[in-house]
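Encoded as structure tokens, the structure appears first; notes follow it.
The values are calculated or read from the model by the stated rules, or taken from the named source; none is laboratory data. On a predicted model such as this, the values are computed, not experimentally measured, just so you know. Heads up, the Cβs are rebuilt from the backbone with ideal geometry, glycines too, and the neighbour counts pull from every protein chain shown.
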């Protein structure tokens with residue numbers, strides 16, 4: 001019976017650890033910055049997977065560009081930076097939410113089985129104790 005409760009505690013500890021690992025990996029990926037250049041290097045765009053974007057005009061000549069061209073280049077730079085951040089998150093070591101979800105579900109199912117087994121053992125023990133008590137009193 002003690003090994004069953006240890007198994008449940010271990011499974012629950014694994015589930016908590018898997019979730020915490022996933023959260024930390026997501027935070028780390030969300031904080032990594034990716035930089036791209038636009039408008040022939042006159043604009044630098046930084047982005048994170050968390051969606052934080054920073055646009056720097058690194059060349060003063062950029063302000064002489066037409067409004068339409070500058071707007072288009074900034075938009076293209078932001079989109080390219082966000083795409084690069086997403087691509088970087090897809091590299092090895094990034095969070096695989098499907099695998100994380102599958103692992104948590106597996107641990108949950110294992111915990112349910114172990115809890116059921118524990119409860120059956122507890123019920124059997126209770127029945128044996130009641131029978132032993134009844135026999136001791138001469139009621140059986």
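Observations, loosely collected:
- Residue that is farthest from the chain's Cα centre (by Cα) [pool: residues in the range 24-44 that are loosely packed, with under 13 Cβ neighbours inside 10 Å and at pLDDT 75 or above]: 40
- If only residues of the range 45-62 that are part of a strand (DSSP E or B) and in contact with a helix residue (DSSP H, G or I) (Cβ under 8 Å, 6 or more places away or on another chain) are counted, the one that is modelled with the lowest pLDDT is 48.
- Any chance residue 78 is part of a strand (DSSP E or B), under 36 Å from the mean Cα position of the chain (by Cα) and modelled with pLDDT of 90 or more: no
- Contact map, the range 42-56: first residue over 13 Å from residue 80 (Cα atoms), second residue part of a loop (DSSP other than H, G, I, E, B), Cβ cut-off under 6 Å, separation 6 or more or different chains; pairs are 42/59.
- With respect to the conditions (1) modelled with pLDDT of 80 or more; (2) within 34 Å of the chain's Cα centre (by Cα); (3) surrounded by 12 or more Cβ atoms within 10 Å (Cβ to Cβ); (4) under 30 Å from residue 10 (Cβ atoms), residue 119 falls short on a single one, namely (3).
- Test for residue 21: is it within 24 Å of the chain's Cα centre (by Cα), over 30 Å from residue 119 (Cα atoms), modelled with pLDDT under 90 and surrounded by 12 or more Cβ atoms within 10 Å (Cβ to Cβ): yes
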